[in-house]
Amino acid sequence: MAESKRTNLSKEKLLHMHRLMLDIRNFDNKVNQMVKKGKVPGMTHFSVGEEAASVGAIAAIREGDLITSNHRGHGQTIAMEIDLNEMMAEIMGKATGTCKGKGGSMHIADLAKGNLGANGIVGGGMGMAVGAALTQKMKKTDNIVVCFFGDGACNEGTFHETLNMASVWKLPVIFYTINNLYGISTPIKSVINIDYNYQRASAYGIPGHFIEDGNNVLDVYEKFEEIVDYVRSGNGPVLVESLTYRWYGHSTSDPGKYRTKAEVDEWKKKDPIEKFKSYLTESGITTEKELNDLDKQSKEAVEESVKFAVNSPEPSLESAYEDIFAP
Ligand SMILES: Cc1ncc(C[n+]2csc(CCOP(=O)(O)OP(=O)(O)O)c2C)c(N)n1
Ligand SMILES: [Mg+2]
């Protein structure tokens, strides 16, 4: 059945959201190739399959708002409109990278765009998000913070500490769990005795929201629009969770033996990009050709980022002593 138009978002904004999802997919597929060629130092975690969960949320915030991310941060980083050249250079450890090649995939930050950074410590972004939200409150801005983390991070002690503190101080922060069903090889259902982590919100006296189809970018966007408005109006924090799935292993070193092929294939049928593509064409917003052109442009931008990174210099030895905090 053809889908009907369900949003008042402009065509320009909808196509931009689609382009960001394509960029995430194409970028990570290319990084995967670079890993196999031995061009990427360190560990890398891909966002392929989870594109809508990040793009839908970030499309609902505005300039001045902030995010914190986790080890699987490529999706959020691209959705926050980082320069792809600098991002690829960072992942390849080059001097032209966002963090001068010293951070790599798990530590990409882009302060100018409001991205306070990815984080290799599971749950590590939560304290940063609460600190940033306290800053907004003390400075009386109406900016908000979105704190992205995985289902596995909900069992870290800092989850309890930060949700409690943010609730008591009514801080403008959205705690957002991207539930991809696993923390490395551990199914989330085997380490919690409730159905979903968002249900814990009541323990902190804050609202909890569930986005059942985290692969539907408009479902994510619409829920976030409502939540962002609530948080920006000074009502304190919210806990929200969306359901999605990572297509690849936990990291580049994970053969993924704990998931069946049937399970992975089932989720691939719920491809967030194909889903949005069907919506955009069936509702008459755009044509297949226009979307294919977008994909072509996205792939060209990613190729360009690889050229930029490959042709960039390694950081100099002396730069190892720069940007170091010494009290
Ligand atoms: C404090 C801490 N404990 C353990 C690890 C090792 N580790 C890295 S990712 C990960 C699983 C995280 O799962 P989840 O939060 O669900 O995120 P996902 O990888 O599924 O996106 C673990 C245990 C770590 N980096 N930091
Ligand atoms: Mg997970």
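Please work out the FRET efficiency for the pair Glu156 and Ser4, using the Cβ-Cβ distance as r and a Förster radius of 51 Å; give the result to the nearest 0.05.
0.75
Hey, what D do you get for the range 53-120 in µm²/s if you plug the Kirkwood alpha-carbon radius into Stokes-Einstein at 10 °C and 1.306 mPa s?
For these conditions, the coefficient is 137 µm²/s.
Debye sum, Cα scatterers, the chain, no solvent: what log₁₀ I/I(0) at q = 0.16 1/Å?
Log-scaled intensity ratios, in q order: -1.45.
I need the phi-derived Karplus couplings for the range 276-288: 6.51 cos²θ - 1.76 cosθ + 1.60, θ = phi - 60°, integer Hz, Gly and Pro marked x.
These are the phi-based 3J(HN,Hα) values: 6, 4, 4, 4, 5, 7, 5, 8, x, 6, 8, 10, 4 Hz.
First compute the accessible area of the chain with a 1.4 Å probe, then give the percent of it belonging to carbon and sulfur atoms.
Carbon with sulfur: 53 percent of the solvent-accessible area.
Residue-wise, which Karplus ³J(HN,Hα) couplings in Hz belong to the range 307-319, taking 6.51 cos²θ - 1.76 cosθ + 1.60, θ = phi - 60°, and x for glycine or proline?
4, 4, 5, 4, 7, 7, x, 6, x, 6, 4, 4, 5
On average, how much accessible surface per residue is there in the chain, in Å², for a 1.4 Å probe, leaving out ligands, DNA and RNA?
Dividing the accessible area of the chain by its residue count gives 46 Å².
Could I have the simple spin-label model distance between Tyr321 and Glu263, label points 7 Å from Cα toward Cβ, reported in nm to one decimal?
5.1
Do the sum for the chain: with -39,500 (n - 2.57) for every DSSP H run of n ≥ 4, divided by all residues, what is the mean residue ellipticity at 222 nm, to the nearest 500 deg cm²/dmol?
For the chain, the value works out to -13000 deg cm²/dmol.
What FRET efficiency do you get for Ser283 and Glu314 if R0 is 41 Å and r is their Cβ-Cβ distance, rounded to the nearest 0.05?
The computed FRET efficiency comes out at 0.25.
Can you tell me the Rg and the Dmax, both Å, for the Cα atoms in the range 122-204?
Looking at the range 122-204, its Cα Rg and Dmax stand at 13.3, 43 Å.
Calculate, for Ile192 and Thr135, the FRET efficiency according to 1/(1 + (r/R0)^6) with r their C-beta to C-beta distance and R0 30 Å; round to the nearest 0.05.
Efficiency at R0 = 30 Å is approximately 0.40.
The values are calculated or read from the model by the stated rules, or taken from the named source; none is laboratory data. Everything numeric here is computed off the predicted structure, so don't read it as measured data. Note: ideal-geometry Cβ built from the backbone for every residue, glycine included; neighbour counts use all protein chains shown. Just the protein is used for accessible areas: all its heavy atoms, side chains included, with ligands, DNA and RNA removed. Shrake-Rupley method; radii C 1.70, N 1.55, O 1.52, S 1.80 Å.
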